[in-house]
Amino acid sequence: GKAEETLEPPASVRTVGDLIGWLAGRDEGYAHAFETPRVIRAAIDHAHVREDAMIAGAREIAFFPPMTGG
């Protein structure tokens, strides 16, 4: 439900997967958005990445929900 948000995750959040877990624990909205993390796609600075990608130095991290169609 957010187009953009600026956050400072704790130092223990090192990967995209860590970030998803941390965000899911923030509130019900995030928990709902990330309830099935395996279908979420992520990009760091406009490049698609896997869940184990490191986020250090990222200027932008984007999450894409599952979509239908082609």
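The values are calculated or read from the model by the stated rules, or taken from the named source; none is laboratory data. This is a predicted model, so every value here is computed, not measured. Because the Cβ atoms are built from the backbone with ideal geometry, glycine has one as well, and the counts that use them run over all protein chains shown.
Yes/no matrix, rows are residues, columns are (1) touching a Gly at 6+ places or on another chain (Cβ under 6 Å); (2) outside any loop (DSSP other than H, G, I, E, B); (3) among the hydrophobic types (A, V, I, L, M, F, W, C):
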| site | (1), (2), (3) |
| --- | --- |
| Leu7 | no, no, yes |
| Val13 | no, no, yes |
| Asp18 | no, yes, no |
| Tyr30 | no, yes, no |
| Glu35 | no, no, no |
| Ala62 | no, yes, yes |
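Name the residues in segment 45-55 that are surrounded by 10 or more Cβ atoms within 10 Å (Cβ to Cβ) and either part of a loop (DSSP other than H, G, I, E, B) or at pLDDT below 95 (or both), would you?
The answer is Asp45, Arg50, Glu51, Asp52, Ala53, Ile55.
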